[in-house]
Amino acid sequence: MNAEIGHFALILAFAVAMFQMVVPMIGAAKGWSGWIDSARPAAIAQLGLIGISFAALTISFVTSDFSVLLVYENSHTAKPLIYKISGVWGNHEGSMLLWVLILALFGAAAAVFDANLPPRLRARVLSVQAAIGAAFLAFILFTSNPFLRLADAPFNGRDLNPLLQDPGLAFHPPFLYLGYVGLSMAFSFAVAALIEGRVDAAWARWVRPWTLAAWVFLTIGIALGSWWAYYELGWGGFWFWDPVENASFMPWLLAAALLHSAIVVEKREVLKSWTILLAIMAFGFSLIGTFIVRSGVITSVHSFANDPERGVFILAILAAFVGGALTLFSARAGSMQAKGVFSPVSREGALVLNNILLAVSAFVVFIGTVWPLVAEMLWDRKLSVGPPFFEKAFTPFMIALAIVLPMGAIIPWKRGKLGRVLAPLRGALLFAVAVMLLVFAVSTGHSALAVIGAGLGSWLVAGAVVDLLLRTGNSGLSRLGRLPRADWGRAVAHGGLGVTFIGVSLLMAWQVEDIRVARIGETFTVAGYEITLESVEDVQGPNYVSTIAAMRVAKNGREVALLHPEKRVYPVQAMPTTEAAIQSGLFRDLYLVIGDAQQNGGWAVRSYIKPFAGWIWFGSALMALGGLISLSDRRYRVAAGAMRSAPIAGPAE
């Protein structure tokens, strides 16, 4: 009965979404207040119904109701409770249900918290949001029903993919979806503004907090996925440029560009067309990511499904929404006139350059991701585009972005002089040069990557500090605590990017890897650390069998750590997983992996010394924290005021 309730609630949610899509839009066009006001209760009702459906599926997983096909295929009675719950979204059907739940959550939040929006604009925003929800609810009901029953309920299930039975992966998808789906709000605001024929500073202020929230969630989701890959897969890396990794990274880049572009619209009412286009494309790339993960057209270890029928359905949704929005944009774009002019050397100019670098870098990642598919379709050639291409093609744009960011944060609006901008940054420049010289001096082989990356990261961090100090004016440090939270958020986020730059560059340049066969009791040396394989034993886990090694690490005769890497086998799926043992420090990680037993009686062992690895995720956390600080700024919580500009394409009412 539980599954039937969930299915029925999903059907009702689809009906409410259709109502919300049509009635408020007509009401906004006709000026019928009752129809306009219907959008808010409809959005809340849609969230409630999808919430009931999601709760019903969760209960089926928690109670191990194997008469539900999805539970049978993705759960097991011996699985810990946290993974029974995460199993709800650890599959295609359940993840899509989470997708529409978050979509409805954003719509309901807009209905509740954007009460000061002009009623017609709010009705149109919620109507567009409902149209997206209706499309994906139809996708679930017609191709991906999570509530299908089995005629004869099995005694037990097939278990969840062992790679997903990890705390990092339990929380990674929800945060990623909050980011993906959060960009739908920027899309809905953009389409609503195009329909209404009005884009101005007030519109930019309304759209920025939604975009910022989505960017923060994407940052957290991407960082969690990277961290999981680092410690769970046992290969010692944090980013592989896998198609699904890229699918989340492209919207992140475009959302960052949208945030900066919306600032220009809000402050100067220029770049209107470009900002609308970014809002459309950011969500468009979220849909592209959904297509990549679920269509099977591009091979990835992260793919949920390989069903061409589902892929075609998602492709149709992508074409309908992005194609329709771009068509509307082409009809309106010529009428969105910029009100101000600015010099290339100005805050506006710096933000334009920032947008170009972010957008082009996203395009580079997109080309590298889809090129194997294009080559196979057009020339019937099997190609593989790997990390070397992305690192060479993508890195120059990030270097340029790092150089520009500190200057762009302090340059005046409308017109500035480069000499005056650089003067306050002399200290930051000297600090960055000093760090570069230090890194060069201690580098073995004088790695250019380490020197440049550390210098750019230091430039970003020092530039963020200078930005804060300049905003105190003549009041001194006492005014720091009274600065707007948006100023603090920007500085923390830019500084976090700098910390990540330092971590990535020094890790890639200085890491040491050792792969060998070691016998129990044998000691070997890696980068000055003496590592002893003391024992290996089998241990029974709740739903797996684990081979656990005890490995003692010493340096200069003094014990540093006793680590226990594992290799687990999940009997139900007969699938092994690697659990690396990591001792994290401020300046380096010790990273040990135990492999298979060898014929000569030894064990395959991989050892890594990873300098500054933790800085990568600490920097990511700082970026997310900066976004949250900015989001807490009072100016995001109060009404943006009535729209001031005239319609861009004649009366829309």
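The values are calculated or read from the model by the stated rules, or taken from the named source; none is laboratory data. Computed from a predicted model, the values in this text were never measured in an experiment. So basically every Cβ, Gly included, is an ideal-geometry build from the backbone, and we count neighbours across all protein chains shown.
Which members of region 247-289 meet the condition of being acidic (Asp, Glu) and in a helix (DSSP H, G or I)?
Within region 247-289, Glu266 is the sole residue that qualifies.
State whether the residues of region 77-88 include one that is of a type in the set (D, E, K, R) and in contact with an Asp or Glu (Cβ under 9 Å, 6 or more places away or on another chain).
yes
Determine which single condition Leu81 fails, assuming it passes every other condition in (1) buried (at least 16 other Cβ atoms within 10 Å of the Cβ); (2) under 27 Å from Asp152 (Cβ atoms); (3) not charged (D, E, K, R).
(1)
Within region 209-229, does at least one residue satisfy the condition of being in contact with a Lys or Arg (Cβ under 9 Å, 6 or more places away or on another chain), surrounded by 23 or more Cβ atoms within 10 Å (Cβ to Cβ) and in contact (Cβ under 8 Å) with a residue 12 or more places away in the chain?
No: region 209-229 contains no residue that is in contact with a Lys or Arg (Cβ under 9 Å, 6 or more places away or on another chain), surrounded by 23 or more Cβ atoms within 10 Å (Cβ to Cβ) and in contact (Cβ under 8 Å) with a residue 12 or more places away in the chain.
Is at least one residue of region 356-364 part of a helix (DSSP H, G or I), at pLDDT below 90 and not basic (Lys, Arg)?
no
Can you run down the residue pairs with Cβ atoms below 6 Å, 6 or more apart or on separate chains, where the first is in region 134-151 and not assigned by TED's automatic domain parsing to the domain that holds Leu318 and the partner is among the β-branched types (Val, Ile, Thr) and assigned to a helix (DSSP H, G or I)?
Every condition considered, the pairs that remain are Ala135/Ile317; Phe136/Val100; Leu137/Val100.
Matching residues to (1) in contact with a Pro (Cβ under 6 Å, 6 or more places away or on another chain); (2) at pLDDT 95 or above; (3) closer than 22 Å to Leu150 by Cα:
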position: His7; (1), (2), (3): no, yes, yes
position: Ala15; (1), (2), (3): no, yes, no
position: Ala43; (1), (2), (3): no, yes, no
position: Ile50; (1), (2), (3): no, yes, no
position: Ile59; (1), (2), (3): no, yes, yes
position: Ile85; (1), (2), (3): no, no, yes
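Yes/no per residue for (1) of a type in the set (Phe, Trp, Tyr); (2) surrounded by fewer than 17 Cβ atoms within 10 Å (Cβ to Cβ); (3) at pLDDT below 95; (4) touching a His at 6+ places or on another chain (Cβ under 9 Å):
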| site | (1), (2), (3), (4) |
| --- | --- |
| Val545 | no, yes, yes, no |
| Arg552 | no, yes, no, no |
| Lys555 | no, yes, yes, no |
| Leu562 | no, yes, no, no |
| Lys567 | no, no, yes, no |
| Met575 | no, yes, yes, no |
| Ala580 | no, no, yes, no |
| Gln599 | no, yes, yes, no |
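Quick one: in region 290-325, of everything that is in a loop (DSSP other than H, G, I, E, B) and of a type in the set (Val, Ile, Thr), which residue is modelled with the lowest pLDDT?
That would be Val301.
Results for (1) within 33 Å of the chain's Cα centre (by Cα); (2) buried (at least 17 other Cβ atoms within 10 Å of the Cβ); (3) closer than 21 Å to Ser261 by Cβ, shown as yes or no for each residue.
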residue: Pro396; (1), (2), (3): yes, no, no
residue: Ala402; (1), (2), (3): yes, yes, yes
residue: Leu405; (1), (2), (3): yes, yes, yes
residue: Ala428; (1), (2), (3): yes, yes, no
residue: Val442; (1), (2), (3): no, no, no
residue: Ala448; (1), (2), (3): yes, no, no
residue: Gly457; (1), (2), (3): yes, yes, no
residue: Leu460; (1), (2), (3): yes, yes, yes
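Could you list, in sequence order, the residues of region 112-125 that are surrounded by fewer than 24 Cβ atoms within 10 Å (Cβ to Cβ) and part of a helix (DSSP H, G or I)?
Val112, Phe113, Pro119, Arg120, Leu121
Filter region 61-74 down to residues that are out of contact with any Lys or Arg (no Cβ under 6 Å at 6 or more places or on another chain) and in a loop (DSSP other than H, G, I, E, B) and give me whichever is surrounded by the fewest Cβ atoms within 10 Å (Cβ to Cβ).
Looking at residues that are out of contact with any Lys or Arg (no Cβ under 6 Å at 6 or more places or on another chain) and in a loop (DSSP other than H, G, I, E, B), I get Thr63.
Quick one: would you say Phe139 is within 25 Å of the chain's Cα centre (by Cα) and at pLDDT below 90?
In short, no.
Determine which member of the set Ala42, Ala13, Ala3 is within 28 Å of the chain's Cα centre (by Cα) and touching a residue at least 40 places away in the same chain (Cβ under 8 Å).
On inspection, the qualifying residue turns out to be Ala13.
Among the residues of region 407-426, which ones are closer than 29 Å to Val504 by Cα and surrounded by 13 or more Cβ atoms within 10 Å (Cβ to Cβ)?
Listed by number, the residues that qualify are Met407, Gly408, Ala409, Ile410, Ile411, Val421, Leu422, Pro424, Leu425.
Which of the residues belonging to region 268-287 are surrounded by fewer than 24 Cβ atoms within 10 Å (Cβ to Cβ) and hydroxyl-bearing (Ser, Thr, Tyr)?
Matches in region 268-287: Ser273 only.
Quick one: what pairs do we get from region 245-270, first residue on the phi < 0 side of the Ramachandran plot and assigned by TED's automatic domain parsing to the domain that holds Gly284, second among the β-branched types (Val, Ile, Thr) and not in a helix (DSSP H, G or I), C-beta under 6 Å, 6+ apart or different chains?
That search, which allows pairs on different chains as well, returns Val264/Val270.
Out of the residues in region 142-164 meeting the condition of being of a type in the set (A, V, I, L, M) and over 28 Å from the mean Cα position of the chain (by Cα), tell me which one is nearest to Phe106 (Cα to Cα).
So the residue we want is Leu148.
Going through region 548-571 one residue at a time, which ones are within 13 Å of Leu163 (Cα to Cα) and not hydroxyl-bearing (Ser, Thr, Tyr)?
Lys567, Arg568, Val569, listed by residue number.
Which of (1) in the same structural domain as Val352 (by TED's automatic domain parsing); (2) within 30 Å of Val605 (Cβ to Cβ) is the odd one out, the single condition Leu194 does not satisfy?
Result: Leu194 passes all but (2).
The rows are residues; the columns are (1) buried (at least 20 other Cβ atoms within 10 Å of the Cβ); (2) without any contact (Cβ under 8 Å) to a residue 40 or more places away in the chain; (3) under 30 Å from Pro571 (Cβ atoms).
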position: Ala28; (1), (2), (3): yes, no, no
position: Gly31; (1), (2), (3): no, no, no
position: Leu49; (1), (2), (3): yes, no, no
position: Ile52; (1), (2), (3): no, no, no
position: Leu57; (1), (2), (3): yes, no, yes
position: His76; (1), (2), (3): yes, no, yes
position: Ala104; (1), (2), (3): yes, no, no
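I'd like the residue in region 377-422 that is aliphatic (A, V, I, L, M) and outside any helix (DSSP H, G or I) and, out of all such residues, is modelled with the lowest pLDDT.
Checked region 377-422; the qualifying residue modelled with the lowest pLDDT is Leu383.
Go through region 149-175 and count every residue that is modelled with pLDDT of 90 or more and either in contact with a strand residue (DSSP E or B) (Cβ under 7 Å, 6 or more places away or on another chain) or buried (at least 23 other Cβ atoms within 10 Å of the Cβ) (or both).
Looking only at that region, the number is 1.
In the list Ala350, Ala331, which residue meets the criterion of being out of contact with any strand residue (DSSP E or B) (no Cβ under 9 Å at 6 or more places or on another chain), part of a helix (DSSP H, G or I), assigned by TED's automatic domain parsing to the domain that holds Phe283 and crowded, with 17+ Cβ neighbours inside 10 Å?
Step by step, each of Ala350, Ala331 is checked, and only Ala350 is out of contact with any strand residue (DSSP E or B) (no Cβ under 9 Å at 6 or more places or on another chain), part of a helix (DSSP H, G or I), assigned by TED's automatic domain parsing to the domain that holds Phe283 and crowded, with 17+ Cβ neighbours inside 10 Å.
Any idea which of (1) aliphatic (A, V, I, L, M); (2) without any contact (Cβ under 8 Å) to a residue 40 or more places away in the chain; (3) crowded, with 24+ Cβ neighbours inside 10 Å is the one Leu97 doesn't satisfy?
Among (1) aliphatic (A, V, I, L, M); (2) without any contact (Cβ under 8 Å) to a residue 40 or more places away in the chain; (3) crowded, with 24+ Cβ neighbours inside 10 Å, the lone unmet condition for Leu97 is (2).
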